[in-house]
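Below is one structure, written out as structure tokens; comments come after it.
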Amino acid sequence: MTRKEVIYAVLVLAAFAVLAFIPSLPNSAAVLSLVIPITMYTVLATSWALFSGPTHYISLATAAFYGVGAYMMAPALEVMPYWMVLPIAALSGALLAALVGAMTLRLSGVYFVIFTLGLAEMVRQVITWYQNNFAGTRGNYVFVDINDAQIYWQLLALALLVYLVGWLINRSRLGFAIRIIGNDELVARHSGINTARAKILLFMVSGAFAAVVGAVMTPRFVYIEPAMAFNPEVSFLVVIMALLGGVHRLWGPLVGAIPFALTWEVIASNFPAQTVLLMGIAFLLVVYYIPSGVAGIMEKVYFRARQQRREVSHG
Amino acid sequence: MQILITGILLGGVYAIVAMGLSLQYGVARIMNLASGEMLVAGAFAAFWVVMAHSFSPYVALLWVVPGAFVFNWLIYRYLLLPLVRRAKSRGQLEVDSILVTFGLSFALVGIFLMVFGGSFFNYSYLSRPVEFMGSRYGLNRVVAFWIAVAICAALWYWIHYTRSGMAIRAVSVDPVSAGLVAIDVPRMSTFAFALGGAVAASGGVLLSTFLTFDASVGIVFTMKALIIVIMGGVGDMRGAIVAALVLGMTETVVARLVDPGLTLASAYLLFVLVLLFRPQGLFGRSTT
Amino acid sequence: MKTENSTCQTVQPLVPLCLRHAILGMVAGTLALSLTLGSALAQSSDPIRVGAVAPKTGALAGGAAVTFWPNIALWEQEVNADGGLLMEDGTRRPVQIIEYDDRTDPSETIRSVQRLANNDNADFIIAPYGTGLALAAAPIFDRLGYPMINVSAITDQVDTMTSRYDGVFFTLGETTPLAQGIAEQMVELRDAGEVGNRVAMVNVADAFGIELAQAAGVIFEQNGFDVVYNRSYPPTIQDVSPVMSSVIDANPDVFVAFSYPPDTFALTEAAQIQDLQVDAFYTAVATPFPSYRERFGDSINGVFGVGGVNPDSERFIEYEQAHIEVAGQGPDYWASAVTYASLEVLAQAIEGVGAPDRDAVTEYIKNNPFDTVMGEWVFEDQRINNYWTVGQWQDGKFHGIRATGDLEGAVEPIRKEGW
């Protein structure tokens, strides 16, 4: 680690330590109901960008992973304690990602997009079919004593973890390989990189995070319906927030998720009937007008400012 | 036998849905993720005609087809053509058009929700049985099938036996060379995209006579149309028709013999098989 | 449980409504706000603020538009027409409804309940609509200390819920008795020689359908029925004709479908087209909707469905009239009246306590009888134990024929004669 990195790490840890005190604020229930979705989408969007940023593969599968994590909580809790479910959720998410990746990531990106587009719906069908015919679970109830503050702390820990993992990947051979693949897959292949393997591995990381987030969120809802668990809106919001923030920096999705979630709060309470339409329009605006994301704009502004300062000091 | 015929009846209607997408992807090179929403728009239009005016739903075709044509023309002209111009490579265009049409599909769902609400829609039309080889079929399905056949035949004739159809085929094969032989490629692409949208919407009218719709069901049809197009081979009309029949029959067989809850899963299974064994399509030649 | 009203017939009045809503929403969001403020000011004394969270958009919007929202409007109007709720000090306080749309999204339901409690200072909050949404909101109702009188929340976990959450009540019934109702009805009819021994069962593959189908399946088998077909289909099913073909191939005497609104309509239509000939035909949610009758006319005479009311009781007829006047549409023959009854309970409890004191109201609900459109209600272990389980269409009305407790107005089932 360089000195700069140490400073960054200390700053990030300090920020997280401060954030961990939110539940002890006065009127924290209201604050938490806003902060929980923000943290959740930050984790989802950041882990999405871990894979989709460097590879340019647009994954629409977040809802499928999230749903798998959420849906397994109820049956799993009957046979094991809560804390054991989380790693198993991560494993299932990674496994599903590996399966999907193995089938599609060898081919061009279009197949991958198509495959992930309906994946949440398909997994939902298969799970309900299985449940109805073999498992015999009668409904999906999650009764555990986990309150909003604890959910928030878990999400916060996940956020920290996703940054750590992202940072480690960036430094690793895998991160290097994936950047080459993103720039030119042919070059990558010729320089001896197993491109499919690299892509699948990264997709698994992303899928595992989404599944754990799904599992962590479950105790909030007591009763899990397939339609709630596999809600395609989740995939959509994750893509929009990540793109808004910018996918080329680890902190990009964060600066997308916060303003978007706050704006969303205003929109949802004032125009409840138009939310889906406004969401679609917001998405189009981001794609047309902010193709490099807020992070891209911020960097541009920062560099320009620095350049000007330099010019001033030189002049 | 009954299963087979039900499957063919369903597959026939899927065929025109897939043809709409095939025109958009094969010629205009836009992977249109909002194609299912176009179909739902057609279905809602038919619903409205039936409920508000108690006409036959097929009357809706009279203005669904031109309406969808104009709408898709505008979409291509003002939303997608800028992307085509901005894109540095085909891959870039693919990513951008996927994102834009994905956003568009949500915007359209939002409009449907606003206008029609979130409930399920269906209506009774020709829900009388017809007897054929000892089994009974809904008359509405049979009529929808024959109209689908007529639309397919018209498209087929146009693409294979007219001058403008030939130009479309030329753009589909190679847009650059097509430009060299004095074909106005952007115009042809716009036309193909608009026509594809109109065909998809007319498919919605047909399907609405016997299926239940809600505002957000479009994604399922997009999925099925995409699978058919990939299975048939991009831009290959004959392949698309065969693939549509295969999908219709697979779904019916699975619903009847395995479980009615697994129709989308069976479509996925087909998709996986195609990806593993014939990623270039049923009749496609290997490109690499 | 979902009681969506769906499909065209009811949509006819719905579509212009929705359009109007959309336009209103866009143009006059602020106008509407100032209007409610204005009318609140016009009232003599400080209103009691009552929050209402339910779908206006999303998958359950159609059902809420039939069963939930009209009853809220009706209740508000009836209470305020009397000058409001009578307080301890002899004054009357009107009720003011604050509405939120949860878009059929449980996290939004939770958020809306929090907004109602923290930002809008609601005195009471009406239980959300739909099993999943209501159960998701139960912990937050409990934590914020609001009583919650559930209607359209049907579950087998009533015991767990009521033991965990002190102010949570259930009124529409539990899963198992509802399934037992139809199964036992069939056993009775078979023993009387009215129906045959072969039963075909289908169910919608989510918690509601699965729970009901499993409970009913056990009873059928214990009583020597021959279950010749038993399959599920997904809630998003668009085409039920393959299901109906398989049912017909199995040649049953009894057809039982634990279905939701869209598939209730679709299954009935498919049964008619493909000519399913059975001695008894049962579909679940939405069968008691007036739109079901409008769609299928006289052909549904003798069709069994879930729930029921006593449509000939004076209270119900009176309620039906008022409902039509306020909402422009009739109530359904099951959950609508129960929804209204739950609001009557709230009003009577507030008046009984004489103040909008939430803890006192919760205690009052537990310990007092209530006079409602559904008859006298007494909560035992935070739930109502006598409710309709099976009803039947007879001459254009949906009559309750079987109940868990002793309910007035049960009629004898009639035989179904073809389509």
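Here the Kirkwood formula puts the hydrodynamic radius of the stretch A:1-129 at 17.5 Å, using every distinct Cα pair.
Extension gain, A:GLU265 to A:ALA14, is 87.6 nm, computed as 0.36 nm per intervening residue step minus the present C-alpha separation. Ordering B:HIS160, A:HIS248 from the fewest to the most neighbouring beta carbons within 10 Å gives B:HIS160, A:HIS248. Calculated FRET efficiency, A:ALA149 to A:HIS248, Cβ-Cβ distance, R0 = 35 Å: about 0.55 to the nearest 0.05. Could you tell me whether the protein assembly as shown comes out rounded, prolate or oblate from its Cα gyration tensor? Rule is a ≥ b ≥ c as square roots of the eigenvalues, rounded for a/c under 1.5, then prolate if a/b exceeds b/c, otherwise oblate. Note, shape of the protein assembly as shown comes out oblate. Ignoring lysines fewer than eight residues from A:LYS4 along the same chain, the ones with Cα atoms less than 26 angstrom from its Cα are A:LYS300. Taking all Cα pairs closer than 8 Å and separated by 6 or more residues, the relative contact order of the stretch C:260-419 comes to 28 percent. Counting, for every residue in C:103-109, the Cβ atoms of other protein chains within 10 Å of its Cβ and taking the mean gives 6. Partner lysines whose Cα lies under 21 Å from the Cα of C:LYS56, excluding those fewer than 8 positions away in the same chain, are identified as C:LYS2.
The stretch between C:SER163 and C:ASP226, if pulled fully straight at 0.36 nm per residue, gains 18.8 nm over its current Cα-Cα span.
In whole percent, what relative contact order does the stretch B:2-277 give with Cα contacts below 8 Å and a gap of six or more residues? Walk me through the intermediate numbers first.
Numbers: 429 pairs, mean separation 116.2, N = 276.
Once divided by the residue count of the stretch B:2-277, the mean separation gives 42 percent.
Computed as a quarter of the hull surface, the mean projected area of the alpha carbon convex hull for chain B stands at 15.5 nm². Within the same chain, lysines fewer than 8 places from A:LYS199 are excluded, and of the rest, those with a Cα less than 27 Å from its Cα are B:LYS88, B:LYS224. Between A:PRO226, A:PRO26, A:PRO259, the residue with the greatest mean-square fluctuation in the GNM of chain A (Cα pairs under 10 Å linked by springs) is A:PRO26.
If you average over every viewing direction, what projected area does the convex hull of the Cα atoms of the stretch A:28-314 give, in nm²? Each step should come with its number before you reach the end.
Details: hull surface 72.6 nm².
Over every viewing direction, the Cα hull of the stretch A:28-314 projects on average to 18.1 nm².
May I ask you to derive the relative contact order of the stretch A:28-314, considering only C-alpha pairs under 8 Å and at least 6 residues apart, and to give it as an integer percent?
Working: 385 pairs, mean separation 98.5, N = 287.
Reported relative contact order: 34 percent.
None of the figures in this text is laboratory data; all of them are computed from the coordinates on show. Quick caveat: nothing in here was measured; it's all calculated off a predicted structure. No Cβ is skipped: glycine too gets one built from the backbone with ideal geometry, and neighbour counts run over all protein chains shown.
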